[in-house]
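The block underneath contains the structure these notes are about, expressed in structure tokens.
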Amino acid sequence: MAKLVLIRHGQSEWNLSNQFTGWVDVNLSDEGVKQAQNAGKLIKEAGIEFDYAFTSVLTRAIKTLHYALEYSDQLWIPETKTWRLNERHYGALQGQNKAEAAEKFGEDQVHIWRRSYDVLPPLLSADDEGSAAKDRRYANLDPHIVPGGENLKVTLERVMPFWEDEIAPKLLDGKNVIIAAHGNSLRALSKYLENISDEDIINLEMKTGQPVVYDFDDKLNVTNKAKLGE
């Protein structure tokens, strides 16, 4: 039956500098490029062929998808970009160094902001110079739905309409799909696919650049999960 491959983007420049990134559009680091290319090599070695590709509207995920497809000889497949697969919006934390934030707010509080299911970070106002409301890639969205900050619960709520309308129908039709996105948008989707509890999702990590392969039955129940390269 159908396969779904999830790839968290390769290491970004702000992953390297330990900053909260969220919807800020940063590039891949040199190591991130290598990770994305290696993801493509692993996919090719596994013999996985895709029919459709999906990614966010953020550069680090788009480039990861392109490297993975190039190095698996599948750069030609149809591709869709959507804001619904963006990283979780980290609100006013975006741009801050994580270690410095832990000193300022306390390690426990920062851990809760980063990993909990339903606790929001400090919000970013719509008139802040860093607000996504000022970014042209979101100009066609209702301004009221451009977030000032998200938790994993809200992230899942915005991912699910795209899953239900665009991705699930293709899998049900027996098509293989690749999604290159972000740690938290993919954690949210994994929570749904694997029926992970609100409490246990805090323990789920997504490695940068590692393809995660799901197999499904004809009802889209997960029958197998594998991490390439392990």
Residue-wise HN-Hα coupling along region 109-114, computed from phi with Karplus coefficients 6.51, -1.76, 1.60 (Hz; x: Gly, Pro): 5, 5, 4, 5, 4, 6
Which whole-Hz ³J(HN,Hα) couplings does region 21-36 yield from phi under the Karplus relation 6.51 cos²θ - 1.76 cosθ + 1.60, θ = phi - 60°, glycine and proline marked x? 9, x, 8, 5, 8, 9, 8, 6, 6, 4, 5, x, 4, 4, 4, 5
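Ignoring ligands, DNA and RNA, what accessible area per residue does the chain give at 1.4 Å, in Å²? Numbers along the way, then the final one.
On the way: 10970 Å² over 230 residues.
In whole numbers, the chain has 48 Å² accessible per residue.
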Label-to-label distance, nm, for residues given as Asp198 and Ala99 (7 Å Cα→Cβ offset): 3.4
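Can you pull the percent of the chain's accessible area that's carbon plus sulfur, 1.4 Å probe, other chains left in place? If you can, show how the numbers build up before the last one.
Working: 4910 of 10970 Å².
Ligands and nucleic acids excluded, carbon and sulfur give 45 percent.
Holding the Cα-Cα limit at 32 Å, pick out from Lys153/Lys227; Lys3/Lys104; Lys104/Lys227; Lys44/Lys153; Lys98/Lys170; Lys98/Lys175 the pairs that are longer than that. If you can, show how the numbers build up before the last one.
On the way: Lys153/Lys227 25 Å; Lys3/Lys104 44 Å; Lys104/Lys227 36 Å; Lys44/Lys153 34 Å; Lys98/Lys170 38 Å; Lys98/Lys175 40 Å.
The answer is Lys3/Lys104; Lys104/Lys227; Lys44/Lys153; Lys98/Lys170; Lys98/Lys175.
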For the pair Leu123 and Thr223, how long in nm is the line joining their label points, each one 7 Å along Cα→Cβ? 4.5
What percent antiparallel are the DSSP beta bridges of the chain, to the nearest 5? 50
Taking only C-alpha pairs under 8 Å that are 6+ residues apart, what is the relative contact order of the chain in percent? 32
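Which peptide among 153-162, 83-92 comes first, and what is the full order, when sorted by highest mean count of other Cβ atoms within 10 Å?
Values: 153-162: 18.4, 83-92: 23.7.
Ranking, from highest mean packing down: 83-92, 153-162.
The values are calculated or read from the model by the stated rules, or taken from the named source; none is laboratory data. None of the values given here were measured: they were computed from a predicted structure. Neighbour counts are summed over all protein chains in view; Cβ atoms, including those assigned to glycine, are modelled from backbone coordinates with ideal geometry. The area values use the complete protein model at the heavy-atom level, side chains included, leaving out ligands, DNA and RNA. Shrake-Rupley method; radii C 1.70, N 1.55, O 1.52, S 1.80 Å.
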